[in-house]
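These notes are about the structure you will find just below.
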Amino acid sequence: MYTKVLIESKLNVLTGMHIGGSEAFSAIGAIDSPVIYDQISGLPIIPGSSLKGKLRTLLVRNQTKDIQNMSEHNKDNIEILRLFGASSPITKSRLQFADAFISNKKDFESIGITEVKFENSINRSSGIANPRQIERVNPGVIFDVKIIYDLENIKEFKCDMQNLAKAMKLLQLDYLGGHGTRGYGRISFRDIKISIPERSIDFNDFNLDDDMEEIKNFFEDVQNYELFGIKA
C-alpha cells in the first residue's frame, strides 16, 4: 500500500527574510551576512532543509511540556518521527521538502529581490558601535513550496496531514530564517493545494475522496492563521 501526495502552496514573505548563505571570502565593504542563492538562477531560495527543520521544531515544541529540556530528535514521539524521520534507528521521513524558488521575479525588476539592512550592535562599556550589513529578501516576494508525502498507511493519513497543517499554522505565528525576534522572517501560506497525482493500484479499494475533503479543510485553516492580520 503506497502512493504519493503532493502539497503545494505559495509562501509569501511579509517582512524582510534572512536565510543565510556563505560569508566566506567577503571583500572589504561587502555584505556581512548574505542570503543563500541558487547558483543557476542567481536568485534567493528557501532550502527544503530550512523549512523542514523549522516545521519540525515548532511541532515538537507545541507537544512538549518543558521546551527548555526537549529530548533529542531521535526520541521525538512516533507521529513526528514518521513525518520527519530519525537517524537512530534509521526512520525514513514520509515528508520530502523541495527547495523553494521565487515565482514573482518580474514584480521586483525595479526595486530588486533583496535589500541590505544596516544594523549596529553597541558595546555597553565603550559605547562604540559595531555596524553590520544584513541582506534580506524583500516583503512581497513569493516562493513556490512543494512537499511530497508518502502515503503508506491509510489509517494514519489524516493524522499526519493534521500535524503538517498544525506546523504550518505555527510557522505563520513564528518566523523563518534568522533574526526573527527583531521582526525578520514573517511569512504566510497561500493557495494551498493537495492532490494525489497518480494513485497506486493498492489504493483502488479505498475511497479517499471523503478523507481528502476533510484534509483540505485542515489546510484551509492554515490560510486563516496570520500574524497580526498582515497582508502581502
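The values are calculated or read from the model by the stated rules, or taken from the named source; none is laboratory data. Worth saying up front: this structure is predicted, and the values here are computed from it rather than measured. No Cβ is skipped: glycine too gets one built from the backbone with ideal geometry, and neighbour counts run over all protein chains shown.
Quick check on my filter: what residues within the range 164-174 are touching a residue at least 60 places away in the same chain (Cβ under 8 Å) and buried (at least 21 other Cβ atoms within 10 Å of the Cβ)? Within the range 164-174, LEU164, ALA167, MET168, LEU171 meet the criteria.
Looking only at residues in the range 112-141 that are in a loop (DSSP other than H, G, I, E, B) and modelled with pLDDT of 95 or more, the one that is surrounded by the fewest Cβ atoms within 10 Å (Cβ to Cβ) is GLY112. Would you mind stating whether SER26 is modelled with pLDDT of 95 or more, polar (S, T, N, Q), closer than 26 Å to ASN138 by Cβ and surrounded by fewer than 18 Cβ atoms within 10 Å (Cβ to Cβ)? So SER26 fails the test.
Among residues that are surrounded by 14 or more Cβ atoms within 10 Å (Cβ to Cβ), among the aliphatic types (A, V, I, L, M), modelled with pLDDT of 90 or more and over 30 Å from GLU198 (Cα atoms), LEU58 is included. With respect to the stated conditions, LYS117 is over 22 Å from the mean Cα position of the chain (by Cα) and either more than 29 Å from PRO197 (Cβ to Cβ) or not hydroxyl-bearing (Ser, Thr, Tyr) (or both). Can you say whether ARG82 is basic (Lys, Arg), touching a residue at least 24 places away in the same chain (Cβ under 8 Å) and farther than 25 Å from GLY180 by Cα, as far as the supplied structure shows? Against the criterion (basic (Lys, Arg), touching a residue at least 24 places away in the same chain (Cβ under 8 Å) and farther than 25 Å from GLY180 by Cα), ARG82 qualifies. Checking each residue in the range 61-102 for being at pLDDT 90 or above, hydroxyl-bearing (Ser, Thr, Tyr) and surrounded by 14 or more Cβ atoms within 10 Å (Cβ to Cβ) picks out THR91, SER93.
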